[in-house]
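One structure is given below, encoded as structure tokens.
The values are calculated or read from the model by the stated rules, or taken from the named source; none is laboratory data. These numbers were taken from a predicted model, which means no experiment stands behind them. When we count neighbours, we look across all protein chains shown, and the Cβ atoms used for this are built from the backbone with ideal geometry, even at glycine.
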Amino acid sequence: MRLSGAGWHVRGQSPIALDDESEPEPDIAVVSGSRRDYAAAHPAQPVLLVEVADSSLSFDRHRKGSLYARARVPEYWIVNLIDWALEIHRNPQPAAGAVFGWRYTQIRRLSPDETATPLGAPEARILVADLLP
């Protein structure tokens, strides 16, 4: 994934320090700064997290989605390999029935021929097909 402009670092399968209880390792995390900024500690405030899901789709939607929403990550994407789509999850809110008490209230599903625009880089246009293997 490429975001234009300086100031963003894309990490692959590296820990994110969401809170005192969890340090998940999303497939992709977009964080501010550079690689050097995280030499001594994991990033704590990602602007975008991405999971690639096939057999883990339900887990990624419900458990990880609720965990990321609880941490108030503004945007969470699931590259859905089962349905060949990109799911964009935004607007984290408290939700009593969610696994960690939070969920995303805006979920949009994009097909391979559509483009996605991350909240943190409104000038970027990412073709969904480019995210699929």
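When region 44-73 is filtered for residues that are of a type in the set (G, A, S) and part of a helix (DSSP H, G or I), the ones remaining, listed by number, are S58, G65, S66, A69.
Number of residues in region 88-116 that are more than 20 Å from P24 (Cα to Cα), in a loop (DSSP other than H, G, I, E, B) and among the aliphatic types (A, V, I, L, M) equals 2.
So is L48 within 14 Å of the chain's Cα centre (by Cα), modelled with pLDDT of 70 or more, under 19 Å from L86 (Cβ atoms) and surrounded by 14 or more Cβ atoms within 10 Å (Cβ to Cβ) or not?
On the way: within 14 Å of the chain's Cα centre (by Cα): yes; modelled with pLDDT of 70 or more: yes; under 19 Å from L86 (Cβ atoms): yes; surrounded by 14 or more Cβ atoms within 10 Å (Cβ to Cβ): yes.
Here the answer is yes, as L48 does meet what is asked.
Pick from region 117-128 the residues that are assigned to a loop (DSSP other than H, G, I, E, B) and over 14 Å from the mean Cα position of the chain (by Cα): which of them is farthest from K64 (Cα to Cα)? Of everything passing the filter in region 117-128, E123 is farthest from K64 (Cα to Cα). Candidates in region 11-21 are the residues that are under 14 Å from R72 (Cα atoms) and touching a Lys or Arg at 6+ places or on another chain (Cβ under 9 Å); of these, the one that is modelled with the lowest pLDDT is D19.
May I ask you to verify whether R63 is over 19 Å from P118 (Cβ atoms), surrounded by fewer than 21 Cβ atoms within 10 Å (Cβ to Cβ), of a type in the set (K, R) and modelled with pLDDT of 85 or more?
Values: over 19 Å from P118 (Cβ atoms): yes; surrounded by fewer than 21 Cβ atoms within 10 Å (Cβ to Cβ): yes; of a type in the set (K, R): yes; modelled with pLDDT of 85 or more: yes.
So R63 fits the description; yes.
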